1. Can you pull out every residue in segment 37-51 that is closer than 18 Å to A17 by Cβ and not polar (S, T, N, Q)?
2. So which residues in segment 39-98 are assigned to a loop (DSSP other than H, G, I, E, B) and of a type in the set (S, T, N, Q), if there are any at all?
3. For segment 69-79, does any single residue satisfy the condition of being within 12 Å of the chain's Cα centre (by Cα), among the charged types (D, E, K, R) and surrounded by fewer than 18 Cβ atoms within 10 Å (Cβ to Cβ)?
4. For segment 17-38, does any single residue satisfy the condition of being modelled with pLDDT under 95 and assigned to a helix (DSSP H, G or I)?
5. Could you list, in sequence order, all residues of segment 1-57 that are among the basic types (K, R) and in contact with a Leu (Cβ under 7 Å, 6 or more places away or on another chain)?
Amino acid sequence: MTTNTLNFGSALRQLRAARSLTQRALAESSGLTINYLSLLENGQRQPSYDAIQSLSEALAVPPAVMMILATDTKKSDPRFRKLFAEMQNSLGTILSGK
């Protein structure tokens, strides 16, 4: 059985861009450092639960949405791959305002 893996950095970058925020602005509103955000976005760190909560509040996005966007569909369970891809596409469209 294949397990879901997360690419949190990619999801964070996508959400930050959708909100037209710089790393500095997101750092200020989330209480996290720019360095930490950079490490997250570059996949060099995985966020703590508290960091996810802070980012979720700063981005005005529920943590569950962040985790759906972070799911690596290529490594997810084949039975759910299409569903995750569809959810990600729908959320991406909603967040971008298109």
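The values are calculated or read from the model by the stated rules, or taken from the named source; none is laboratory data. Predicted, not measured: the structure shown is a model, and the values here were computed from it. With ideal geometry, Cβ positions are generated from the backbone for all residues, glycine too; neighbour counts draw on all protein chains shown.
1. Listed by number, the residues that qualify are L37, L39, L40, E41, G43, P47.
2. Within segment 39-98, N42, Q44, Q46, S48, T73, S76 qualify.
3. yes
4. Checked against the condition, which is being modelled with pLDDT under 95 and assigned to a helix (DSSP H, G or I), segment 17-38 yields at least one hit.
5. R16, R19, R45
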